[in-house]
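Below is one structure; the comments refer to it alone.
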Amino acid sequence: MLKISIILVTWNGKKYIPYCLESIFDQSFQDFKVLIIDNGSADDTIRYIKSNYNLYLTNEKLKLIENKENTGFCGGYNQAIREVIKDSEYILMLNQDIVLEKNYLEEIVNFLKTHQKIGALMGKIYRWDFEKNKKTNIIDSAGIKMFRNRRAVEIGQGEEDKGQFNKTKEIFGVTGACSIFNSQALKDVEIKLSNKMPEYLDEDFVAYKEDIDISLRLRAYGWKIFFLPQAKAYHDRTLRGEKNLNDVSVALNRKNKNKWRNFLSYKNHLFMLIKNEFLKNFILDFPWIAFYELKKIVFMLIFEFPTLKEALWNFFKQLPLIIKKRKIIASRRKINAKEIRKWIS
């Protein structure tokens, strides 16, 4: 069995491809293959890959699948996972705007050799200034943490790295930009509805918060999630959170993001709660959850009423399907409400 399959979904990302692929093929650990799903790119992505990586395509180190249409972030990565899951021990999911340090895979493999029951793992991700092609020491993500109101944030985002994230530790969740998953863990969290292909990332999300959702399922099924700071990568994140986590900063940051992203973010947050929440934990944390949701609704009523209206319409329209998924998830849980509460601060 292949040790690692690296999956990459590209969409109009030709400007990133040279940096991303060179960092992959230059790894000190080489027991891997790469699968690229191009999601209907209209730029020069496909031609560039075929022209510059023909050797890897010929020797099957690299495989390229061309989608005629954009199937979405979750749809594209699910397609890739289905292609490689039977033949890979681990699956590294990368965004096209990621650059890996040369020893990224080596550090991860060495750690996984001596640790059991790890469902997902991520390294320390820094911001990459793409326009200047400059690697920075500003943290992009050191994992995901969740608060009692069920707001989830990237740990350390926007902070200068002064060694405060140098400890290997278990964390609540991993970011979808650059994380490796145990193939058996992905099989565990798979959701299969009648007349549909298996889903690992929830395709009803399309994009955004799918990493929080899958982290919740991994946790519910008893898998561990770790942060490994020795494995370093760089990310040119388009949509960034703010270092200051107060409500005003969140609101101002939201106003700078596009309506489609805000629509998906709000709708998917509600989906995530319905699908994964333990009733006991929901009751215990109801004041925090209710106050947080009330603040969002008031803000959107004033500044984003069309987005709120569309999000709620889609939420209730898809609610029966989400409830079906909840029943599947709840029936397969391996931990209780108390065990998952320790990851909610």
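The values are calculated or read from the model by the stated rules, or taken from the named source; none is laboratory data. Keep in mind the model is a prediction, meaning the values are calculated, not measured. Positions of Cβ are backbone-derived with ideal geometry, glycine not excepted, and every protein chain shown enters the neighbour counts.
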Looking at Lys50, is it more than 21 Å from the chain's Cα centre (by Cα) and either over 24 Å from Leu186 (Cα atoms) or assigned by TED's automatic domain parsing to the domain that holds Lys192 (or both)? yes
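Tally time: how many residues in the range 92-136 are charged (D, E, K, R) and within 20 Å of Ser183 (Cβ to Cβ)?
4
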Of all residues in the range 20-54, how many are free of Cβ contacts under 8 Å to residues at least 12 places away in the same chain and either of a type in the set (A, V, I, L, M) or more than 27 Å from Lys113 (Cβ to Cβ) (or both)? 3
Criterion: farther than 26 Å from Asn78 by Cα and either of a type in the set (Ser, Thr, Tyr) or surrounded by fewer than 20 Cβ atoms within 10 Å (Cβ to Cβ) (or both) - qualifying residue of Thr114, Thr175: Thr114
Quick one: which residue in Asn195, Asn166 is modelled with pLDDT under 95 and surrounded by fewer than 21 Cβ atoms within 10 Å (Cβ to Cβ)? Asn195
Exclusive hit being hydrophobic (A, V, I, L, M, F, W, C) and out of contact with any helix residue (DSSP H, G or I) (no Cβ under 7 Å at 6 or more places or on another chain), set Ile139, Ile81: Ile139
Six or more apart or on different chains, Cβ atoms under 8 Å: show the pairs whose first residue is in the range 176-189 and in contact (Cβ under 8 Å) with a residue 24 or more places away in the chain and whose second is outside any helix (DSSP H, G or I) and of a type in the set (Lys, Arg). Ala177/Arg237; Asp188/Arg332
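Let me confirm something: among Leu64, Leu21, which residue is over 21 Å from the mean Cα position of the chain (by Cα), assigned by TED's automatic domain parsing to the domain that holds Lys209, closer than 15 Å to Ser5 by Cα and surrounded by 16 or more Cβ atoms within 10 Å (Cβ to Cβ)?
Residue meeting the stated conditions: Leu64.
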Counting only residues that are within 30 Å of Leu228 (Cα to Cα), give me the helices (runs of 4 or more DSSP H) lying completely in the range 1-100 with at least 1 of them. 17-25, 54-58, 72-84
May I ask you to list the residues in the range 121-135 that are assigned to a strand (DSSP E or B) and in contact (Cβ under 8 Å) with a residue 40 or more places away in the chain? Leu121, Met122, Gly123, Lys124, Ile125, Tyr126, Arg127, Trp128, Asp129, Lys135
Criterion: touching a Gly at 6+ places or on another chain (Cβ under 9 Å) and within 30 Å of Lys187 (Cβ to Cβ) - qualifying residue of Ile91, Ile108: Ile108
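Conditions (1) among the aliphatic types (A, V, I, L, M); (2) at pLDDT 95 or above; (3) assigned to a loop (DSSP other than H, G, I, E, B), marked per residue:
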{"site": "Lys162", "(1), (2), (3)": "no, yes, yes"}
{"site": "Ala185", "(1), (2), (3)": "yes, yes, no"}
{"site": "Asp213", "(1), (2), (3)": "no, yes, no"}
{"site": "Phe226", "(1), (2), (3)": "no, yes, no"}
Across the range 330-345, what is the total count of residues that are free of Cβ contacts under 8 Å to residues at least 40 places away in the same chain, surrounded by 14 or more Cβ atoms within 10 Å (Cβ to Cβ) and over 15 Å from Ser215 (Cβ atoms)? 1
Working only within the range 79-94, note down all residues that are surrounded by 23 or more Cβ atoms within 10 Å (Cβ to Cβ) and polar (S, T, N, Q). Ser88
Output for the range 149-171, where each listed residue is touching a residue at least 24 places away in the same chain (Cβ under 8 Å) and farther than 24 Å from Lys296 by Cβ: Glu159, Asp161, Phe165, Asn166, Lys167, Thr168, Lys169, Glu170, Ile171
Within the range 310-329, residues being surrounded by 13 or more Cβ atoms within 10 Å (Cβ to Cβ) and among the charged types (D, E, K, R) number 4
